[in-house]
Ligand code: KG4
Ligand code: ZN
């Protein structure tokens with residue numbers, strides 16, 4: 001069976017064609033994959049501008065379709081999958097309208113897909129070649145825990161089985177990726193802010209490590225926090241300003257997150273530093289590192305608590321922020337005896353491969369209850 005999948009929930013237009021064999025134990029082959037990012041278009045606004053996203057999706061969809069049909073050398077498919085939510089409704093509708101027209105023209109079923117379910121299953125995908133979802137004797141032990149961290153979402157989800165989800169914690173305000181983007185903007189860094197903050201923080205971490213090796217100061221520890229006496233003596237003029245940010249909701253009893261207070265704390269910190277005329281590349285890098293530390297410590301702390309409570313053996317971490325190198329490193333360092341799955345780099349951010357995977361699994365499960373094409377609609381706040 002060949003599936004065409006379409007993703008337009010935010011600022012990436014994606015269309016792929018997957019070939020699937022094996023019924024309930026499917027093996028997927030990527031016949032063609034095309035993705036068009038709108039980052040440069042939204043960058044001047046410091047975030048995604050829904051009406052611009054809509055315009056770009058409308059422009060891109062026919063171009064990408066032509067590309068994937070040409071690459072896969074096929075004229076039509078057996079099934080179409082399209083993201084129907086969550087996301088920006090004007091953007092979602094562009095993909096849905098396009099998919100409906102195609103499904104009617106080709107006379108094939110159209111499967112609505114939850115974008116977040118796509119992120120969960122993205123850990124098994126590849127953007128080239130073949131891949132499988134663990135089934136049968138390779139089946140994972142459920143419940144699996146999934147930490148979904150993207151620009152619009154931060155949630156801990158219990159996966160009781162594929163397609164059976166329970167959200168056990170979520171952000172009460174900003175998503176982790178959104179906080180990265182907003183803090184980056186405060187620091188004058190371009191959109192999307194996640195990779196920019198991460199680069200700056202990594203540079204600062206390496207610098208701290210070099211200093212530690214040179215002067216025997218433990219890395220990541222501020223000099224004021226009781227640094228090695230001889231190091232202070234050696235470089236008294238280099239003592240950094242104390243930079244510290246809160247770890248939001250670290251001690252709350254639930255699995256919820258909150259990043260808006262942290263974002264405000266960064267704003268106040270920047271103002272304080274600016275008043276002293278000290279906001280420069282050096283202090284910006286220190287803020288980036290402290291901010292990244294705060295977000296990642298919080299994410300890991302809550303995830304570990306959920307792992308203990310639900311006796312988890314497999315952890316999935318997916319969504320745009322899962323591309324973060326420091327998050328990956330710290331997760332591996334701090335979470336032991338758990339099988340940890342991350343998506344491959346190209347499938348961390350939005351893509352249509354993950355939509356095709358879910359579309360197929362949903363179709364196989366609900367073959368007899370395929371929705372009527374005309375009833376499919378965008379649902380900006382769709383939950384798992
Ligand atoms: O999953 P995604 O592509 O879109 C949504 O569904 O929201 O995630 C995009 C988010 C953006 O906020 C971006 O800043 C963040 O993922 N992101 C990162 C990194 N790469 C992307 N955040 C932190 N570190 C990164 N390396
Ligand atoms: Zn996403």
Q: Take the range 163-194 and flag every residue that is away from ligand 1 (no atom under 15 Å from the Cβ) and part of a loop (DSSP other than H, G, I, E, B).
A: 163, 172, 188
Q: Those residues that are away from ligand 2 (no atom under 16 Å from the Cβ), at pLDDT below 95 and either under 16 Å from the mean Cα position of the chain (by Cα) or assigned to a strand (DSSP E or B) (or both), I need them from the range 125-162; list them, please.
A: 161
Q) Which of the residues belonging to the range 285-303 are touching a helix residue (DSSP H, G or I) at 6+ places or on another chain (Cβ under 7 Å) and farther than 27 Å from residue 351 by Cα? A) 285, 286, 287, 288, 289, 291, 294
Q: With the condition kept exactly as written, say whether any residue in the range 301-316 is surrounded by fewer than 19 Cβ atoms within 10 Å (Cβ to Cβ), under 20 Å from residue 202 (Cβ atoms) and away from ligand 2 (no atom under 16 Å from the Cβ).
A: no
Q. Of (1) crowded, with 18+ Cβ neighbours inside 10 Å; (2) without any contact (Cβ under 8 Å) to a residue 24 or more places away in the chain, residue 40 satisfies all except one. Which?
A. (1)
Q | Where a residue in the range 184-196 is modelled with pLDDT under 95 and its partner, wherever it lies, is within 16 Å of ligand 2 (Cβ to nearest atom) and in a loop (DSSP other than H, G, I, E, B), with Cβ under 7 Å and at least six apart | A | 191/47
Q: Identify, by number, the condition in (1) part of a helix (DSSP H, G or I); (2) under 20 Å from residue 202 (Cα atoms) that residue 279 doesn't meet.
A: (1)
Q. If you check 312, 357, 353, which single one turns out to be touching a residue at least 40 places away in the same chain (Cβ under 8 Å) and over 25 Å from residue 17 (Cβ atoms)?
A. 312
Q. Picking from 59, 76, which residue would you name as being away from ligand 1 (no atom under 16 Å from the Cβ) and within 28 Å of residue 364 (Cβ to Cβ)?
A. 76
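The values are calculated or read from the model by the stated rules, or taken from the named source; none is laboratory data. Please read all numbers here as calculations on a predicted model, not as lab measurements. Every residue, glycine as well, gets a Cβ built from its backbone with ideal geometry; the counts of neighbours run over all protein chains shown.
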